[in-house]
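In what follows, a structure is listed as structure tokens, so that the remarks can point back to it.
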Amino acid sequence: MAKAPSTRTQHDLVIAGGGPAGMMAGLLFARAGVPTLVLEKHGDFLRDFRGDTVHPSTLELIDELGFLDEFLKRPHDEIDSLTARVANERIQLADLTHLPVKCRFVALMPQWDFLDFLAEKAKLYPAFTLAMNSEAVDLIAEGGRIGGVRLADGGEARARKLVIAADGRSSVLREKAGLPLQDLGAPIDVFWFRLPKGASDYNETGGTFGAGTFIVQLNRGDYWQCAYVVPKGAADEVRARGIAAFREDVARAVPDLADVTPTLESWDQVKLLSVSLDRLIQWSRPGLLAIGDAAHAMSPVGGVGINLAVQDAVAAANILAGPMARGEDVDPLLAKVQDRRQLPVKLVQGVQKIVHDRILTPLVVRKAVLDKVPLPLRLFKLFPILRRIPARIVGLGFRREHIRSPEAVLHPSPSGEGPGVGDVVRSSSSPTGPTPTPPLKGRG
Ligand SMILES: Cc1cc2nc3c(=O)[nH]c(=O)nc-3n(C[C@H](O)[C@H](O)[C@H](O)COP(=O)(O)OP(=O)(O)OC[C@H]3O[C@@H](n4cnc5c(N)ncnc54)[C@H](O)[C@@H]3O)c2cc1C
């Protein structure tokens, strides 16, 4: 017998997409006492690709929420520098150890662990509901505003106050909403695969600029997570040459990997990830707000998209969660989220576009050969203080957010054993922001 369509009517906020933006927003709005439903189209968070980076600014937010020690107990690796390898030289490009925050490192943690963690914390709040296997396919428009979403199973999820589109870079909802989009173009796509650690003692996270190739290696303990950058649309051609030719390309580009490339036996181990760089000109219309990649698809350059998505969620909650929890109409406030977030997005996308146009296009698309270290990179060697600039952009981004949304405090249960279910009172976070805490280094 066919399953009956699911219909939900009891939420103020419906969030489509359980990625970093959607899960963080779900946690924060539910924490403020707003009845919140997060719809995730997949049955779990275990997907082929989920960027694995949790940046210092995101770690700072987790600390502000009081979860940092618990979070860092989960298996993860820590990196505090980024290194480029060019013409057989290693050049440190970013040094995170000077950042003015508690965690002066990027935590590399499988993203499903990060999302599971957020879901686990969000579920402490009775206002939070997570619906897996629930795909939003369309918007429900009524009375000139968005009032919910239609689901793939024929059901619907009604939102009394707001729908948040956090459905990523191929957002269906932003398209259905007809929100105007500016496409900045992306000249690359990425092959994504793992290789075990080999005989080389090289362990630094970073990228290797080869002859017409660029390979990024993320140090994941006993294996490398690798990204092999190809010109946009060239994937079929690369695949047609066969996996053996691909192994040779990788080994030629990074000779240190030559002893482990034979572990790549089939294309099933190599995923193609499509890269886009775009942003909405308008992030909202009455009843609907887009955040994260749905509002601005980020390139993998710098590995900062997750951070921006999380910062959007925090800004949205800071601006909207309090009024929503008080039952106010938030439509007049939606543009404030874009006002707050579009400058950092434009700045980061500007840097990504420069890297696309000035470095990746000549190298990977036009197959330039770098036989010596270019002057801008040499400067990082000559003046180590310069390494703090990329560290700041990657680690903290621009216009950092802090948790300022209200918190619905859970009453202890009558038995005194932890939080009571379904029982919330409201309190405000400190208007002065978080209490500074001393730096942490080298954990994990
Ligand atoms: C090749 C590549 C590598 C990258 N590497 C990194 C990196 O290392 N670090 C980094 O910070 N950023 C990286 N990025 C960027 C990063 O992936 C994104 O910026 C970030 O994931 C955006 O988060 P999000 O929550 O907005 O969207 P997403 O992470 O895309 O999450 C969207 C969620 O919505 C769900 N969904 C989609 N449609 C629907 C629907 N209709 N209904 C319900 N659910 C839906 C999806 O299943 C998904 O769970 C990379 C990007 C690319 C392309």
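Data for the structure
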item	result
Test result for VAL38, in contact with a helix residue (DSSP H, G or I) (Cβ under 7 Å, 6 or more places away or on another chain) and within 21 Å of PHE398 (Cβ to Cβ)	no
Subset tally (residues that are part of a helix (DSSP H, G or I) and within 9 Å of the ligand (Cβ to nearest atom)) for segment 37-57	0
Residue in segment 17-24 that is over 11 Å from ILE164 (Cβ atoms) and either free of Cβ contacts under 8 Å to residues at least 40 places away in the same chain or of a type in the set (Gly, Ala, Ser) (or both) present	yes
So VAL369, is it surrounded by 14 or more Cβ atoms within 10 Å (Cβ to Cβ) and either touching a residue at least 24 places away in the same chain (Cβ under 8 Å) or over 30 Å from THR208 (Cα atoms) (or both)	no
Segment 276-295, residues that are crowded, with 21+ Cβ neighbours inside 10 Å and either touching a Lys or Arg at 6+ places or on another chain (Cβ under 6 Å) or closer than 20 Å to VAL238 by Cα (or both)	GLY287, ALA290, ASP293, ALA294
Subset of segment 419-434 (residues that are surrounded by fewer than 18 Cβ atoms within 10 Å (Cβ to Cβ) and either modelled with pLDDT of 80 or more or in a strand (DSSP E or B) (or both))	PRO419, GLY420, VAL421, GLY422, ASP423, VAL425, ARG426, SER427
Breaking point among (1) assigned to a loop (DSSP other than H, G, I, E, B); (2) on the phi < 0 side of the Ramachandran plot, for VAL345	(1)
Odd one out for ALA30 among (1) among the small types (Gly, Ala, Ser); (2) under 15 Å from the mean Cα position of the chain (by Cα); (3) crowded, with 24+ Cβ neighbours inside 10 Å	(2)
Residue within segment 131-139 that is buried (at least 21 other Cβ atoms within 10 Å of the Cβ), among the hydroxyl-bearing types (Ser, Thr, Tyr), in the same structural domain as ARG90 (by TED's automatic domain parsing) and within 10 Å of the ligand (Cβ to nearest atom) present	yes
Pick from segment 151-167, criterion farther than 14 Å from VAL38 by Cα and within 12 Å of the ligand (Cβ to nearest atom), ranking: modelled with the highest pLDDT	ALA152
Segment 98-127 - residue that is within 16 Å of the ligand (Cβ to nearest atom) and within 30 Å of PRO286 (Cα to Cα) and, of those, nearest to the chain's Cα centre (by Cα)	LEU115
Condition check for GLN311: within 20 Å of the chain's Cα centre (by Cα), within 30 Å of ARG174 (Cα to Cα) and either in contact (Cβ under 8 Å) with a residue 40 or more places away in the chain or surrounded by fewer than 20 Cβ atoms within 10 Å (Cβ to Cβ) (or both)	yes
Residue within segment 29-36 that is assigned to a helix (DSSP H, G or I) and touching a Ser or Thr at 6+ places or on another chain (Cβ under 6 Å) present	yes
Residue in segment 404-418 that is out of contact with any Gly (no Cβ under 6 Å at 6 or more places or on another chain), assigned to a loop (DSSP other than H, G, I, E, B) and modelled with pLDDT of 85 or more present	yes
Tally, over segment 70-96, of residues that are more than 18 Å from LEU382 (Cβ to Cβ) and either in a strand (DSSP E or B) or charged (D, E, K, R) (or both)	7
Filter result (charged (D, E, K, R) and at pLDDT 95 or above) within segment 270-284	ASP278, ARG279
Candidates LEU179, LEU218, LEU195, LEU173 - the one that is crowded, with 18+ Cβ neighbours inside 10 Å and away from the ligand (no atom under 16 Å from the Cβ)	LEU195
Checklist (1) under 26 Å from ALA295 (Cα atoms); (2) over 18 Å from the mean Cα position of the chain (by Cα); (3) within 13 Å of the ligand (Cβ to nearest atom); (4) not polar (S, T, N, Q) applied to GLY143, failing item	(3)
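The values are calculated or read from the model by the stated rules, or taken from the named source; none is laboratory data. Keep in mind that what you see is a predicted model, and the values were worked out from it rather than measured. Glycine gets a Cβ as well: all are built from the backbone with ideal geometry, and neighbour counts include every protein chain shown.
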